1. Given a 1.4 Å probe and every protein chain left where it sits, what share in percent of the accessible area of the range 366-524 is carbon and sulfur?
2. Which aspartates and glutamates does LYS187 reach when only Cα atoms under 19 Å apart count, and residues fewer than 8 places away in its own chain are ignored?
3. Looking only at the range 199-247, where both bridge partners belong to it, what percent of the DSSP beta bridges are antiparallel (to the nearest 5)?
4. For helix 67-83, report the angle its Cα long axis makes with the longest principal axis of the Cα atoms of the chain; keep it between 0 and 90° and round to the nearest 10°.
5. Pairs of Cα atoms under 8 Å, at least six residues apart: use those to get the relative contact order of the chain, whole percent.
6. First check a/c for the range 369-513, with a ≥ b ≥ c the square roots of the eigenvalues of its C-alpha gyration tensor; if it is under 1.5, answer rounded, and if not, answer prolate when a/b is larger than b/c or oblate otherwise.
7. Compute the separation of the alpha-carbon centres of the range 99-148 and the range 317-372 and state it in Å as a whole number.
8. Residues of the range 60-198: accessible area per residue at 1.4 Å, in Å²?
Amino acid sequence: MPLNLLLNLPAEILTNTLSFLPGQDLESCKLINRYVRNTIGDSARLRYVVALDDACVEDNPYNNTSISEKLQALTRRELSWRKLQPNASQSITVEHFPSGIYDLTNGVYFLGALDRLSLYYLNLPTLSSQTRALTWSRIDVEHRIVDMGLAIHESDLVAIITSRLDLGSTDTENSRFRLELNLLSFKTKEPHPLAEKPNILIGNISRVKPSISIEIVGDHLALATTYTFNLSQPPDHFYLWNWKTGALLIDHEAGYQTYSGIVFLTADLLLLSNIMDEAFEFWRIPSLPHFETQSNPVYVISLPPLSSEMKILAVSCRGEPNPVGPNSTLNSGQLFYVSSLQAIVLFRIYIASMSEEHFTLAFVVHRQSLIDIFNNRASPPSPEDASQHLPWSDWGPPVTRWIDTTGTPTRWITTTSGQRCVSICANTPSPIIIFDFNPYNVAKMKDYVRQYFSHRMFYDDEEEKLDDEANIFDVPVYSALPYCRYESVVEYTYDGVFIDEERLLGIKTDGSDDIISIDVMHFG
């Protein structure tokens with residue numbers, strides 16, 4: 001349409017036409033002339049589109065709240081996060097003896113019990129229920145819990161991995177226990193109605209239980225088993241099921257201590273941390289079972305090369321929220337959702353030296369950047385291509401940012417949601433620190449800091465060399481992903497801080513490092 005005709009349209013029709021543009025294009029349209037600028041500024045609908053884009057969130061079309069109310073709620077929420085001033089806070093004590101099993105997703109916090117027969121959880125306050133009292137609920141199971149995976153938001157699914165004595169086993173040493181996958185409905189605590197096989201045998205194991213990495217997106221459940229310390233050095237396994245049909249699509253065996261951490265990039269593409277090769281493997285989800293010699297990553301990217309004195313012990317990773325399957329409808333009353341594609345992925349790397357010194361490093365990268373790296377690979381995927389790793393120097397520096405973890409708790413991975421990552425100095429009164437990788441917020445912070453000095457606010461959009469006094473890496477390591485950082489005015493004494501898209505959870509522990517109380521701060 002010629003520009004002069006567009007400008008002669010009535011404001012209502014122009015508003016409807018402009019509503020199909022993304023927020024960044026609407027910002028550009030404001031430069032056309034005063035009429036267009038005023039049309040956008042006078043329309044709550046268009047301002048909401050811009051606000052969604054700026055906050056890297058997506059509208060929930062199934063929520064019937066008015067556009068103007070959604071816009072007000074989003075504006076208040078972003079301001080509360082920027083100031084780190086919660087709208088409401090409350091505390092709850094942990095009434096059970098906790099285990100190391102935990103997760104935080106979509107407004108639900110899980111904390112396992114020491115007897116490994118129960119999962120306790122909190123339904124956290126929402127925008128419409130900020131004053132609702134916190135109470136513990138629980139899911140009980142028959143056999144001992146090894147770990148769990150969640151897809152509550154998308155599928156009402158809690159996947160609990162359990163172990164039990166295999167009474168039919170004739171092997172008294174190596175295969176005495178059954179490792180099983182139990183698929184439950186979060187609402188009913190019963191076997192999930194969409195799971196044709198709600199109980200799936202993963203395999204037989206020895207008394208020493210493996211570490212589990214598990215993620216669920218759409219119809220697919222990805223699970224990796226690895227053993228940290230086991231004298232028999234059993235192999236690692238990477239499994240992929242269609243959890244609804246029970247079909248095993250991938251059963252890939254790898255060497256002892258190979259895999260550590262899974263991230264779904266899209267509903268049909270995932271990233272697997274390979275600590276043996278110091279790399280990340282891209283795996284495509286097959287439509288049919290795809291076993292053994294046919295099971296291979298389709299692309300591999302490398303971490304910076306470690307010095308000969310160093311070894312990776314484990315990699316924990318988190319990209320919250322997960323993507324959703326192509327036919328999924330999110331089960332939530334939220335006004336808007338954090339964009340999974342624009343979310344950051346946090347990788348925390350645990351390293352040991354030959355002299356048994358231990359180090360923890362962390363870096364973040366946008367999920368979309370990893371997808372772009374895969375889509376822009378030089379040649380079509382094949383086993384031959386996958387054997388040739390893309391060096392860190394060819395992908396890492398411009399799209400990642402290494403974060404200093406000195407003095408901060410690193411045992412919990414639930415420290416990132418959307419574009420934000422949270423940190424705090426443990427065991428001493430300290431401000432809560434937010435690292436924000438939203439490019440709009442970085443630009444806004446940059447403009448603010450240029451005009452007003454504040455020790456609470458900082459931004460960095462320059463390439464930076466990792467401070468590597470211990471010579472962990474064999475080469476200098478650089479990263480340049482822009483970010484801004486802001487701190488709370490109030491200082492807190494927490495042993496850890498968790499984050500989801502609406503809340504912060506301040507964690508307090510006892511002398512045994514068991515969680516004893518939780519402060520919930522709601523931001524909207």
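1. Here it works out to 49 percent.
2. List returned: ASP103, ASP140, GLU142, GLU154, ASP156, GLU196, ASP219.
3. Numbers: 14 of 14 bridges.
Around 100 percent of the beta bridges assigned by DSSP in the range 199-247 are antiparallel ones.
4. Tilt of helix 67-83: around 70 degrees.
5. Here the relative contact order equals 13 percent.
6. It comes out prolate by the Cα gyration axes.
7. If we compute the Cα centre of each part, the gap is 21 Å.
8. With all protein chains present, the range 60-198 gives 50 Å² per residue.
The values are calculated or read from the model by the stated rules, or taken from the named source; none is laboratory data. Worth saying up front: this structure is predicted, and the values here are computed from it rather than measured. All Cβ positions, glycine included, derive from the backbone under ideal geometry; neighbour counts span all protein chains shown. What goes into the accessible areas is simple: the full protein's heavy atoms, side chains included, and nothing from ligands, DNA or RNA. Shrake-Rupley method; radii C 1.70, N 1.55, O 1.52, S 1.80 Å.
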